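Let me begin by presenting the structure, written as structure tokens, before commenting on it.
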Ligand SMILES: C[S@@+](CC[C@H](N)C(=O)[O-])C[C@H]1O[C@@H](n2cnc3c(N)ncnc32)[C@H](O)[C@@H]1O
């Protein structure tokens, strides 16, 4: 698998990847209500084995959760940029290693293993705790670039779950170019600070599940609360 990824990355080229969230905090079954909802939506759309990415996989507890509880027949791919946590993730997921893989997004192109039906990008597109010093601020441009890159590897009708972002996905170009709609959600539990693209603080909100669709945005959003 390692050699295959290296070859594909050379062919596709790896765009310059920058670190989003520096913190590696994670938990087993961290967002049960959302995992359950996304699993139901994905199984309805893609059958019993949707292909899943855990972007910002940290020590692998999210990938393990998904493999054991919500996507029991799926291939799960974890992506991180930190070698130490990646190596912990491989140990964490050793018992499910026939269908859970990890790679370093700084060394391997995000699309190296093809497209995904579901992408979880939870608690990765943010800085927490918030540090307002200019060198530590999470820039909107990095958020927008990350969403664009994820959108490229998400299949049409695919689901993007993004808990705890510092910015709104609808402020990015990907929202229009890839046509997303919001899915109704139970409770995202977002707690990090939310800003508009200019850095103005916004009220927190309970949105985190989006579907990539070919429909025009002139039809409005679905399931918005
Ligand atoms: C707070 S952890 C989130 C873990 C897990 N997603 C969860 O919700 O429990 C954030 C992880 O994202 C990783 N990360 C930061 N920038 C990244 C990037 N550009 N690509 C992939 N992973 C990244 C960090 O190394 C860190 O391990």
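Here segment 77-98 is the region considered, the condition is being buried (at least 23 other Cβ atoms within 10 Å of the Cβ), outside any loop (DSSP other than H, G, I, E, B) and over 15 Å from the mean Cα position of the chain (by Cα), and the residue that is nearest to the ligand (Cβ to nearest atom) is 89.
Within the option set 17, 79, 38, being more than 19 Å from residue 183 (Cβ to Cβ) and at pLDDT 95 or above holds for one residue only, 79. For segment 103-136, taking the residues that are farther than 26 Å from residue 157 by Cα and touching a residue at least 40 places away in the same chain (Cβ under 8 Å), the one that is farthest from the chain's Cα centre (by Cα) is identified as 130. Anything in segment 61-88 that is over 18 Å from residue 39 (Cα atoms) and in contact (Cβ under 8 Å) with a residue 12 or more places away in the chain? List them, or say none. Answer for segment 61-88, where residues must be over 18 Å from residue 39 (Cα atoms) and in contact (Cβ under 8 Å) with a residue 12 or more places away in the chain: 79, 80, 81, 82, 83, 85, 86, 88. Of the residues making up segment 152-164, not one is touching a helix residue (DSSP H, G or I) at 6+ places or on another chain (Cβ under 8 Å), closer than 17 Å to residue 62 by Cβ and surrounded by fewer than 23 Cβ atoms within 10 Å (Cβ to Cβ).
Scanning segment 152-174 for residues that are in a helix (DSSP H, G or I) and without any contact (Cβ under 8 Å) to a residue 40 or more places away in the chain returns 170, 171, 173, 174. Of all residues in segment 19-36, those being more than 15 Å from the chain's Cα centre (by Cα), assigned to a loop (DSSP other than H, G, I, E, B), closer than 20 Å to residue 187 by Cβ and in contact (Cβ under 8 Å) with a residue 60 or more places away in the chain number 1. What number of residues in segment 20-37 are more than 13 Å from the ligand (Cβ to nearest atom) and surrounded by 15 or more Cβ atoms within 10 Å (Cβ to Cβ)? Total meeting the criteria: 1.
Here is a yes/no grid of residues against (1) farther than 27 Å from residue 190 by Cβ; (2) more than 12 Å from the ligand (Cβ to nearest atom):
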| position | (1), (2) |
| --- | --- |
| 53 | no, no |
| 61 | no, no |
| 100 | no, yes |
| 113 | yes, yes |
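Considered as a group, the residues in segment 37-60 that are free of Cβ contacts under 8 Å to residues at least 40 places away in the same chain and over 16 Å from the mean Cα position of the chain (by Cα) include one that is nearest to residue 122 (Cα to Cα), and that residue is 40. Of the candidates 140, 120, the single residue that is within 16 Å of the ligand (Cβ to nearest atom) and either out of contact with any helix residue (DSSP H, G or I) (no Cβ under 8 Å at 6 or more places or on another chain) or under 25 Å from residue 46 (Cβ atoms) (or both) is 120. Here residue 167 qualifies as at pLDDT 95 or above and either surrounded by fewer than 20 Cβ atoms within 10 Å (Cβ to Cβ) or closer than 19 Å to residue 131 by Cα (or both). If you check 145, 68 for being assigned to a helix (DSSP H, G or I) and over 26 Å from residue 207 (Cβ atoms), only one passes: 68.
The values are calculated or read from the model by the stated rules, or taken from the named source; none is laboratory data. The shown structure was predicted, so the numbers you read here are calculated from the model rather than taken from an experiment. Backbone-built Cβ (ideal geometry, glycine too); neighbour counts: all protein chains shown.
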